[in-house]
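This report refers to the structure that appears directly beneath it.
Laboratory data are not the source of any read-out in this text; all were calculated from the coordinates shown. Just so you know, these numbers come straight off a predicted model, no measurement behind them. Neighbour counts are summed over all protein chains in view; Cβ atoms, including those assigned to glycine, are modelled from backbone coordinates with ideal geometry.
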Amino acid sequence: MRGVDLDVAALKTAPPVLCYHRIGGPLELGVTRVGRSVFARQMTELARAGWQTLSLAQFTPHAARRTFLLTFDDGYASLAEQAFPILADLGFTATTFLITDYVGKTNTWDVQYTWNRLQHLTWSQIEQWRARGFDFASHGATHRRLTWLDDAALATELRTSRATLTARLGAVAGRAIAYPFGAVDTRVLAQARAAGYELGFAGVKGNGDALQGSRVPVYSWDVGNVPIGLREDAIGVLGRVVAHAANRCAVGTSIMQRLRQRSGPLPESAADAGSTHA
Ligand SMILES: [Zn+2]
């Protein structure tokens, strides 16, 4: 039953970190796409309520209330058209975790959820948005699940990705990593530290280690004005608990949809799912 003893208070991150994947673009069979208008409404509502985004450099435990780190995984090209301009208009920034071997290429690393393969951001788009104060960091070199790799392959993923980023964008781009699928264990942490990363983002439950920070995923059903991860009421806590049960920032489940229909207490089955986390 390890992992079931959820300490709800520990799931609250200060400051919170929101994790999005795709914004707008073609519909998909998966659950990681959030519509452009939903995203625009969420960000506008947050700005109106006084929330402000943090740059990676500003992301510290002592950051002011109502600040959050906004993150995107995978670095799809549609971010440059659908998300970044909305953020820039609001005075927001974001950190995008790039799959460094796929910059400027199409997605062949994922299950194909859409009719056409998706395009990733190019280096010139990345450099353009970086000049406007947006941060970029590592999501591995090829989006492999790091916990499944042997030591040599793990080191290659961590180091080549970081070397590519720092060569292209300078030393600050080598500070942070979001582990693909949120999958991390003590061996991955040790190697990430040895490779030179200072900040790491995994699943929903952090462990106090800067290299295992927590994030709250925003899935396609999260259509309210304020993303669940930033809500301080009961459903915000519920959302964090459920996200912990689902556990992977990149993999969705139908648990949340069922919960929203019930809007009752956390069912045993959802809590049990949390016990599988790495
Ligand atoms: Zn990913």
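Once you list every other residue whose beta carbon is under 9 Å from the beta carbon of T100, what net charge do they have if Lys and Arg are +1 and Asp and Glu are -1? Please report the intermediate quantities before stating the final value.
Working: positive: R162, R168; negative: D101.
Its environment carries a net charge of +1.
If N is the number of residues in region 87-177, what value comes out of its Cα radius of gyration divided by 2.2 N^0.38 Å?
1.15
Students often get this wrong: which residues of region 123-148 have the backbone nitrogen under 15 Å from the point 7 angstrom along Cα-to-C-beta of K105?
Under cut-off, by backbone N: 123, 139-144.
Would you grab the residues whose amide H sits under 5 Å from the one on T67? Only those 5+ places off in sequence or on another chain, please, with H modelled 1.01 Å from N.
Result for T67 returns Q52.
Hey, what D do you get for region 30-101 in µm²/s if you plug the Kirkwood alpha-carbon radius into Stokes-Einstein at 4 °C and 1.567 mPa s?
99 µm²/s
Once amide H atoms are built 1.01 Å from N in the peptide plane, which residues 5 or more positions from Y76, or in another chain, come under 5 Å H to H?
Amide H neighbours of Y76, under 5 Å, 5+ apart: L121.
Once fully extended, how much extra length lies between A167 and T67, figured as 0.36 nm per residue of separation less the alpha-carbon to alpha-carbon distance?
33.0 nm
In what order do R175, R65 fall by count of nearby beta-carbon atoms within 10 Å, going from fewest to most?
R65, R175
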